[in-house]
Amino acid sequence: MHASRLNPVYLSMVLLVSLSGCYSALNSNDGGQTRFSGTRYVDPADVWVPRGYRIEPVMEGLNFPTGVTFDDQGRVYVVESGYSYGEVWAQPRLLRIIVNGAARVIARDGYAPWNGVTFYNGNFYVAEGGEAAGGRVVRIAPDGTVTTLIDNLPSVGDHHTNGPVIGPDGYLYFGQGTATNSGIVGLDDYRFGWLRRFPKFHDIPGQDVVLAGVNYETNNPLSRPRRLKWYQKLLPFLAPPRTVITGAYVPFGTPTGRGQIVRGEVPCTGAIMRIPLEGGTAELVAWGLRNPFGLAFSPDGRLFATENQFDVRGSRPVFGTGDLLWEIKPGTWYGWPDYFAGLPINNGNRFGAPGGPAPTFLLARHPGRPPRPVAKFGVHASADGFDFCRERGFGHVGDAFVAEFGDMAPLTGKVEAPVGFRVVRVEPEGGIIHPFAVNRGREDAPASKVGTGGLERPIAARFDPSGEALYVVDFGVMTTDSRGVHAVENTGVLWRITREGRR
């Protein structure tokens, strides 16, 4: 019953692609375009879950939470990010959630945003995104002592250091997002804020790449002063340029040539890497991933990752690319910045922004032939943290339960209806996606838009040690408009989903 009412959303996306000439005339009807003030209202009755399941809030008033984990006694812990898009800064924290809804701080401060946490052999492991100072992965002892396992990760751009997760081999795996949307530093990055702080930052390939010499000209917001000095007025050629030309894998304002080689490095951007549990040098696992946010090992020991795909923004906008679930195989290049889901993006009829040209390949030679994904999510759904079911008492053993943060349109591209804002169940064999927790109403929108007490922006989902309870981390209220992103502090919620009759 519920799945059938989702069909218009997907049909509308198909219609958008087929009638892209009308795209520029349409207004975006996204989930974040709403007004919010006051205290967040929470009511589990406003959330649909399948028959036989129940959902309940565990903790309210969290500040930008991004991850949940459990110690060896089954106690619940949450990380608060300390940062949100929109340049909202707070204090990152690791909290122990007490039964009565209170919380105790285990550790605080660090390199925000904290983008995930896992517990293993008596310690917590946290991915510190490092928007202002570069990423780190740290170990936190139960008494709050913090040990840095790796630092100076290239994480001051659009996307950050994500994860972490411990593999069957005893290594710690983490994701590192790209600096940019599609390979070119541009005005969208200035608007995000990081280009002002780090004007020389750019994407770093995991292996040597040969460039096609594709460059883009944009206005130059970095060095053009409001008032020119007297000698600049007298001799205009001494004034900073009004426009600059930028190529791939280089700083803003740096042109590239065909055949130019950019040396690969590790750590790099757009990759999954691993380190020993005691820390050390990063080892490249796979690359060519735009933003591998969620990592999880399946019951049979295979590594999977969710990937946030291209936006329709910046110097090289890419249209119509839904987020992906990948099986990660060591040594594989997954296609960014020239492929989506195994398909080349230089197809104007499919990936060109409406009214604009098709994206041009940035690489003269590609490092390999990218594979096809396990599953495709909705365009701009923002598929993030997830976990696999291992317990028959919960049901759907072997399926992945994925949190969809929801669209950030119109900043990332227009949508006809809200996309995401829910938890879905994915069958890895066949890639079939089923809704599992979603707000009641005519569209899958956040509670702040539909005026209910349900989900806002699910960002992570993880089973407790018993496997019979799925915990969902809800980041909180985030509205969007043409001016930017507006995150509301202290509106995050931790939810729990169980089978009826079980605790």
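The values are calculated or read from the model by the stated rules, or taken from the named source; none is laboratory data. Because the structure is a prediction, the values reported are computed rather than measured. Methodologically, a virtual Cβ is constructed for each residue, glycine included, from the backbone with ideal geometry; neighbour enumeration extends over all protein chains shown. Keep in mind that these areas ignore ligands, DNA and RNA; they rest on the heavy atoms of the full protein, side chains included. Shrake-Rupley method; radii C 1.70, N 1.55, O 1.52, S 1.80 Å.
Per the 1.4 Å probe, what fraction of the accessible area of the stretch 33-81, in percent, lies on carbon and sulfur atoms? Working shown, then result.
Working: 960 of 2290 Å².
C and S fraction of accessible area: 42 percent.
Search the structure for amide H atoms under 5 Å from the amide H of residue 67, placed 1.01 Å from N in the peptide plane, and list their residues when 5 or more places away or on another chain.
79
Set the Förster radius R0 to 22 Å, insert the Cβ-Cβ distance between residue 390 and residue 73 as r into 1/(1 + (r/R0)^6), and round the FRET efficiency to 0.05. Walk me through the numbers on the way to the answer.
On the way: r = 19 Å, r/R0 = 0.87.
Calculated transfer efficiency: 0.70.
Using a 1.4 Å probe, how large is the accessible area of residue 482, given in Å² and rounded to the nearest 10?
90
Grab the other residues whose beta carbon is less than 12 angstrom from that of residue 356, score K and R as +1, D and E as -1, and report the net. Could you put the intermediate results ahead of the total?
Working: positive: 313, 316; negative: none.
Value of the local net charge: +2.
On the protein heavy atoms, probe 1.4 angstrom, tell me the percent of accessible surface of the stretch 277-352 carried by carbon and sulfur. Don't jump to the answer; show the numbers that get you there.
Values: 980 of 2160 Å².
Accessible surface attributable to carbon and sulfur in the stretch 277-352 totals 46 percent.
Suppose a student asked you for the relative contact order of the chain, using Cα pairs under 8 Å spaced at least 6 residues apart; what percent would you report? Walk me through the numbers before you get to the answer.
Values: 1461 pairs, mean separation 92.0, N = 503.
This gives 18 percent for the chain.
In whole Å, what three semi-axes, largest first, describe the equivalent ellipsoid of the stretch 304-344 built from its Cα gyration tensor (square root of 5 times each eigenvalue)?
Working: eigenvalues 81, 25, 13 Å².
Equivalent-ellipsoid dimensions as semi-axes: 20, 11, 8 Å.
Please list, in chain and number order, the residues 5+ apart from residue 375 or on another chain whose amide H is under 5 Å from its amide H, with Hs placed from the backbone.
Hits under the 5 Å cutoff: 325.
Per-residue ellipticity at 222 nm for the chain, helices alone: DSSP H runs ≥ 4 residues times -39500 (n - 2.57), over residue total, nearest 500 deg cm²/dmol? Don't skip to the answer; put the middle values down first.
Values: 6 runs with 35 residues, N = 503.
Computed mean residue ellipticity for the chain: -1500 deg cm²/dmol.
Helix 7-18 versus the longest principal axis of the chain: what is the Cα-based angle in degrees, 0 to 90, to the nearest 10?
10
Could you put 184, 98 in order of accessible surface area, largest first, with the 1.4 Å probe and the full protein assembly present?
On the way: 184 5, 98 55 Å².
So, going from the largest accessible area down, we get 98, 184.
Quote the FRET efficiency, to the nearest 0.05, computed for residue 442 versus residue 229 with a Förster distance R0 of 41 Å and r equal to the Cβ-Cβ distance. Spell out each step's value before the answer.
Working: r = 59 Å, r/R0 = 1.43.
In this case the efficiency is close to 0.10.
Just the Kirkwood number for the chain, please: inverse of mean 1/r across all distinct Cα pairs, in Å, one decimal. Mind showing how you got there, number by number?
Values: mean 1/r = 0.0436 Å⁻¹.
One decimal place: 22.9 Å for the Kirkwood radius.
Measure off 7 Å from each Cα along the Cα-to-Cβ vector at residue 41 and residue 91, then give the distance between these two points in nanometres to one decimal.
Those two pseudo-labels are separated by 3.2 nm.
From the phi angles alone, apply the Karplus equation (6.51, -1.76, 1.60; θ = phi - 60°) to the stretch 400-412 and give each ³J(HN,Hα) in whole Hz, x where the residue is Gly or Pro.
3J(HN,Hα) across the stretch 400-412, in whole Hz: 9, 10, 10, 8, 9, 5, x, 5, 10, 5, x, 5, 9.
Once phi is turned into ³J(HN,Hα) by the Karplus curve 6.51 cos²θ - 1.76 cosθ + 1.60 with θ = phi - 60°, what whole-Hz value does each residue of the stretch 383-389 show in order, with x for glycine and proline?
6, 10, x, 8, 8, 9, 7
Just to confirm a number: summing +1 for Lys and Arg and -1 for Asp and Glu over residues other than residue 156 whose beta-carbon lies under 14 angstrom from that of residue 156, what do you get? Before the final figure, lay out each step's value.
On the way: positive: 136, 196, 197, 200; negative: 87, 128, 131, 151, 158, 189, 203.
Charge balance near residue 156 sits at -3.
For the stretch 241-319 and the stretch 404-452, what is the centre-to-centre distance using only Cα atoms, to the nearest Å?
26
Got a number for carbon plus sulfur as a percent of the stretch 375-421's accessible area, 1.4 Å probe? Please report the intermediate quantities before stating the final value.
Numbers: 560 of 1160 Å².
Carbon-and-sulfur percentage of accessible area, whole number: 48.
Compute the Rg to Rh ratio over the stretch 349-441 from the alpha carbon atoms, using the Kirkwood formula for Rh, and round to two decimal places.
That ratio is 1.06, to two decimals.
Rank 307, 283 by accessible area, highest first, at a 1.4 Å probe radius? It would help to have the intermediate numbers written out before the result.
Details: 307 0, 283 80 Å².
Correct descending sequence by accessible area is 283, 307.
Hey, what's the chain come to in accessible area per residue, 1.4 Å probe, Å²?
Values: 20030 Å² over 503 residues.
For the chain, the solvent-accessible area averages 40 Å² per residue.
Give me the compactness ratio for the stretch 321-382, meaning the Cα radius of gyration over 2.2 N^0.38 Å. Present the calculation step by step, with values, prior to reporting the outcome.
Details: Rg = 12.3 Å, N = 62, 2.2 N^0.38 = 10.6 Å.
For the stretch 321-382, the normalised Cα radius of gyration comes out at 1.17.
Across the Cα atoms of the stretch 98-194, what radius of gyration and what greatest pairwise Cα-Cα distance (Dmax) are found, in Å?
Every Cα atom of the stretch 98-194 included, Rg and Dmax give 15.2, 49 Å.
Given 25 °C and 0.890 mPa s, compute D for the stretch 376-503 with the Stokes-Einstein relation, Rh being the Kirkwood radius over Cα pairs; round to the nearest whole µm²/s.
On the way: Rh = 15.1 Å.
Reported coefficient: 163 µm²/s.
Lysines near residue 376 by alpha-carbon distance under 25 Å, same-chain residues fewer than 8 away left out - which ones?
List returned: 329, 414.
Can you give me the relative contact order of the stretch 407-502 as a percent, contacts being Cα pairs under 8 Å and 6 or more apart? Please report the intermediate quantities before stating the final value.
Numbers: 160 pairs, mean separation 20.5, N = 96.
Normalised by residue count, the contact order of the stretch 407-502 is 21 percent.
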